[in-house]
Amino acid sequence: MNVSIASTEVHTVRELISKIYQEARQKVMKYVMWGSYCENALEKRTPFRQAHLDGLTSQKEQGILVTLGPTKDNTKVFGIYEADDEATVSKLVESDPYWQNGIWTEYEVKEWIQAF
């Protein structure tokens, strides 16, 4: 039995599943966020930490946030997001208590192609 999906004919169940997966993945892109922490971030973040973690937990549960964390020396932050566009990731970063309270001092978001 041959089935057409998006003008492409597939011949096996494996091809069908692969095609469906590829089309679904094209709708959600991956983005990396790289930023900097303020001086003495470990001390300054304390009043905002729980709200920050709660927000990240919500993003993770929604399937938007893949991972996020600091470098070992606590000077940089790195995150991977799955979102419709770069603007969505920027809105999430800018709504985070760490950004709003100067714990994160700068950031950059770039679309990421996961090659392997």
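Residue-by-condition table, conditions (1) within 14 Å of M33 (Cβ to Cβ); (2) assigned to a strand (DSSP E or B); (3) among the hydrophobic types (A, V, I, L, M, F, W, C); (4) out of contact with any His (no Cβ under 7 Å at 6 or more places or on another chain):
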position	(1), (2), (3), (4)
G79	yes, yes, no, yes
T88	yes, no, no, yes
K91	yes, no, no, yes
W99	yes, no, yes, yes
K110	yes, yes, no, yes
A115	no, no, yes, yes
Checked segment 22-46 for anything modelled with pLDDT of 95 or more, surrounded by fewer than 12 Cβ atoms within 10 Å (Cβ to Cβ) and on the phi < 0 side of the Ramachandran plot; matches are E39, L42, E43, T46
From the option list E82, E108, E86, single residue qualifying as exposed (fewer than 12 other Cβ atoms within 10 Å of the Cβ) and in contact (Cβ under 8 Å) with a residue 12 or more places away in the chain is E108
Taking segment 51-76 and keeping residues among the aliphatic types (A, V, I, L, M), within 10 Å of D96 (Cβ to Cβ) and surrounded by 15 or more Cβ atoms within 10 Å (Cβ to Cβ) leaves L56, L68
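The values are calculated or read from the model by the stated rules, or taken from the named source; none is laboratory data. These figures come from a predicted structure and were not determined experimentally. Methodologically, a virtual Cβ is constructed for each residue, glycine included, from the backbone with ideal geometry; neighbour enumeration extends over all protein chains shown.
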